[in-house]
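Worksheet: one structure, shown below.
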Amino acid sequence: SHIYKKNHDVTKTWKGKTEQLLRVDDHDFTMRPAFGGPAIPVGVDVQVESLDSISEVDMDFTMTLYLRHYWKDERLSFPSTTNKSMTFDGRLVKKIWVPDVFFVHSKRSFIHDTTTDNIMLRVFPDGHVLYSMRITVTAMCNMDFSRFPLDSQTCSLELESYAYTDEDLMLYWKNGNESLKTDEKISLSQFLIQKFHTTSRLAFYSSTGWYNRLYINFTLRRHIFFFLLQTYFPATLMVMLSWVSFWIDRRAVPARVSLGITTVLTMSTIITGVNASMPRVSYIKAVDIYLWVSFVFVFLSVLEYAAVNYLTTVQERKERKLRERFPCTCGIPHAKTMMLDGNYSESDANSLAGYTRNQMVPEEEKQEKMVVHLTMSNESNSSRKRGLKGHVGLRIIQNTHAIDKYSRLIFPGTYIFFNLIYWSVFS
């Protein structure tokens with residue numbers, strides 16, 4: 001029988017110490033590879049595991065990623081017959097040189113250490129090194145809320161060497177745009193991840209010089225459906241509820257006042273709730289425009305009834321004075337009497353002209369009816385015709401029924417027009 005003998009790799013059968021194989025003690029790893037020579041190229045690639053959170057209040061984001069570095073250090077080369085690599089954990093990292101990459105504008109970051117430090121070091125026989133870490137980082141993101149909640153945000157995670165300038169260390173994306181990979185299961189509750197891409201540029205510090213900086217850019221678009229249910233739809237309902245008072249009798253003071261105050265307080269609560277979850281920015285957001293315009297519509301509906309109630313009181317006072325001034329129509333030629341009651345419209349009152357008080361109002365109802373006597377002389381008729389055209393606007397204002405009537409059309413029409421402009425501009 002033929003006996004097949006497998007050639008064993010020296011790296012798999014090595015019985016000595018790893019430090020002796022890699023000759024760690026023979027070199028000073030406090031200095032970078034090729035110290036004093038040209039800049040050492042360090043390739044980087046990143047795999048984003050998750051976007052954990054986006055905070056509007058703190059203006060930051062939290063990301064968990066696998067950060068990998070690639071470089072060549074000939075001091076770590078070792079003999080091998082099959083050119084296979086050697087893999088180590090984080091214990092060897094403390095004894096050799098590794099790139100000092102840090103996250104610019106980072107607030108908090110840490111390397112996962114369960115059950116041990118999540119660090120992997122892979123060394124190839126020719127001295128090429130792969131250094132990988134699993135990191136969670138919270139970094140700053142400058143957000144613009146002028147179109148909130150119909151906005152899109154672009155955030156960046158920036159990587160840079162802390163000590164080595166571009167003359168000592170050249171940091172670059174190992175495979176261009178392919179250097180950044182993301183998990184397909186990444187999702188956020190309030191945002192849709194539109195795009196991930198990489199960029200690089202030089203960063204200058206006046207005291208230390210130029211540094212290579214790598215950027216992980218991602219664009220997020222906010223989901224609007226949550227805010228439609230929690231903000232826009234309730235605000236629209238409150239505005240529509242305030243219009244109900246236009247169909248309530250103007251003499252029902254408790255009903256109309258309580259309805260107006262309730263809608264005003266509800267709109268104030270909605271505005272307070274939205275602003276409580278947002279940073280105190282010094283500019284107006286898109287949601288502020290919608291909520292405050294809705295608040296103005298609700299407030300104007302309360303003022304509308306105040307005007308109706310006031311003009312009604314003024315009109316009744318004038319009618320009372322006319323009734324006291326003309327107690328009867330005796331001796332007045334061509335006298336025509338109109339009986340006005342709260343339940344009669346203007347057309348009903350005009351149809352009563354020509355009937356005397358005794359014909360229309362029984363004696364026992366004198367306290368409940370208001371009788372107005374008008375002398376229809378030729379002179380007064382001509383003067384009324386001359387002044388009719390100039391007093392049309394005044395008559396509309398004094399007619400409290402007309403105010404409610406026109407409000408039923410003006411308020412909804414204006415609010416619909418505002419919504420058309422708002423959604424066409426911000427959506």
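So the values come out like this:
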read-out	value
Given charges at beta-carbon only (K, R positive; D, E negative), |dipole| of segment 71-162 in Debye	300
Dipole-positive endmost among Gly209, Ser146, Pro99 within segment 66-221 (Cβ charges, Cα centre)	Ser146
Zero-based 5 Å bins, Cα pair distances in segment 153-199, whole percents	4, 14, 21, 21, 16, 10, 8, 5, 1
Solvent-accessible area per residue for segment 40-222 (1.4 angstrom probe, square angstrom)	49
Theoretical FRET efficiency, 1/(1+(r/R0)^6), r = Cβ-Cβ of Leu409 and Lys94, R0 45 Å, to 0.05	0.05
Dipole magnitude of segment 213-331, debye to nearest 20 (Cβ charges: Lys/Arg +1, Asp/Glu -1, about Cα centre)	180
Cross-link pairs Lys181/Lys285; Lys72/Lys195; Lys84/Lys181 - those with Cα-Cα distance over 30 Å	Lys181/Lys285; Lys72/Lys195
Local net charge near Val308, Cβ-Cβ under 12 Å (Lys/Arg +1, Asp/Glu -1)	+1
Förster-model FRET efficiency, 25 Å R0, Asp249 and Ile416, C-beta, rounded to 0.05	0.45
Cβ-placed point charges (K, R +1; D, E -1), dipole of segment 40-222 about Cα centre in debye, nearest 20	300
Ratio of the Cα radius of gyration of segment 40-222 to 2.2 N^0.38 Å, where N counts its residues	1.12
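The values are calculated or read from the model by the stated rules, or taken from the named source; none is laboratory data. Since the structure is predicted, the reported quantities are computational estimates derived from the model, not experimental observations. Note that each Cβ is placed from the backbone with ideal geometry, even for glycine, and that neighbours are counted across all protein chains shown. SASA here: full protein model, heavy atoms, side chains in, ligands and nucleic acids out. Shrake-Rupley method; radii C 1.70, N 1.55, O 1.52, S 1.80 Å.
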